[in-house]
1. Only one residue in 49, 5 is over 23 Å from residue 110 (Cβ atoms), in a loop (DSSP other than H, G, I, E, B), open to solvent by 20 Å² or more (accessible area, probe 1.4 Å) and in contact with a helix residue (DSSP H, G or I) (Cβ under 8 Å, 6 or more places away or on another chain), so which one is that?
2. Conditions first: (1) over 19 Å from the mean Cα position of the chain (by Cα); (2) at pLDDT below 95; (3) not hydrophobic (A, V, I, L, M, F, W, C). Residue 79 passes all but one, so which condition is the exception?
3. Where the second residue is part of a helix (DSSP H, G or I) and among the basic types (Lys, Arg) and the first is closer than 13 Å to residue 155 by Cα and open to solvent by less than 60 Å² (accessible area, probe 1.4 Å) and lies in the range 174-189, which pairs have Cβ atoms under 7 Å and are six or more apart or on separate chains?
4. Among the residues of the range 75-113, count how many are assigned to a helix (DSSP H, G or I), over 24 Å from residue 152 (Cβ atoms) and of a type in the set (Gly, Ala, Ser).
5. How many residues are aliphatic (A, V, I, L, M) and open to solvent by 30 Å² or more (accessible area, probe 1.4 Å) if we restrict to the range 24-38?
6. For the range 134-166, which residues satisfy the criterion of being out of contact with any helix residue (DSSP H, G or I) (no Cβ under 8 Å at 6 or more places or on another chain) and open to solvent by 70 Å² or more (accessible area, probe 1.4 Å)?
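The values are calculated or read from the model by the stated rules, or taken from the named source; none is laboratory data. Treat the numbers as computed from the prediction; the structure is a model and nothing was measured. Here the Cβ positions follow ideal geometry from the backbone for every residue, glycine too, while neighbour counts run over all protein chains shown. When the accessible area is computed, the model is the full protein with side chains, heavy atoms only, and any ligands, DNA or RNA have been set aside. Shrake-Rupley method; radii C 1.70, N 1.55, O 1.52, S 1.80 Å.
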Amino acid sequence: MAQRRRGAALEKALLDAAWGELAERGYARFTMDGVVRRAGTSPPVLYRRWAHRDELARAAVAHVLEEARVDTPDTGTLRGDLLALLREIGTANAQLVILMYAHLAGYCQETGTSPGELLDATRGKSADALAEVYDRAVARGEARPERLTGRVRSLPFDLLRQEILATLAPVPEDVVEEIVDTIFLPLVS
């Protein structure tokens, strides 16, 4: 007999099942019943936590992004920190980025949410880690704070995401270096 899951273990199992459904079936064919079957639970267990599939999909995205979150590097330089972050995201997490954009287009269309809004709603600790990288760079004199606008801060990651979506492949090292050295660092120093 299977042990009954409760609390954090149950929530993780539900969110893992929801992400599995999204990744396999896409949002258009994502159902609460499919998640219930995949998680091996009952509908009331799921509906007590999430009343609608869009809420569950958003929670599953936040969950998978939190699990895929990379540690904040501290190489001693802004260049080194950004290269480490972009390498990790551009290789290990490239498939996740592709899956998210491919399978969540229906979610965005149905809810009127842009992909950026969906990601912003789930960023949390990742945004804090990135702020830490930029704050250290300013303290070391590597970046001028007035040049680190919101758009400039997100630029390396926006370019990385675009590269992943344009090629549907992990990002090569030379592209990562070009984003950091040729495009980003001249903007902030």
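1. 5
2. The single condition residue 79 does not satisfy is (2).
3. Qualifying pairs under 7 Å: 176/87; 180/79; 185/79; 188/147.
4. Qualifying residue count for the region: 3.
5. Counting residues in the range 24-38 that are aliphatic (A, V, I, L, M) and open to solvent by 30 Å² or more (accessible area, probe 1.4 Å) gives 1.
6. Residues satisfying the conditions are 135, 139, 146, 151, 162, 166.
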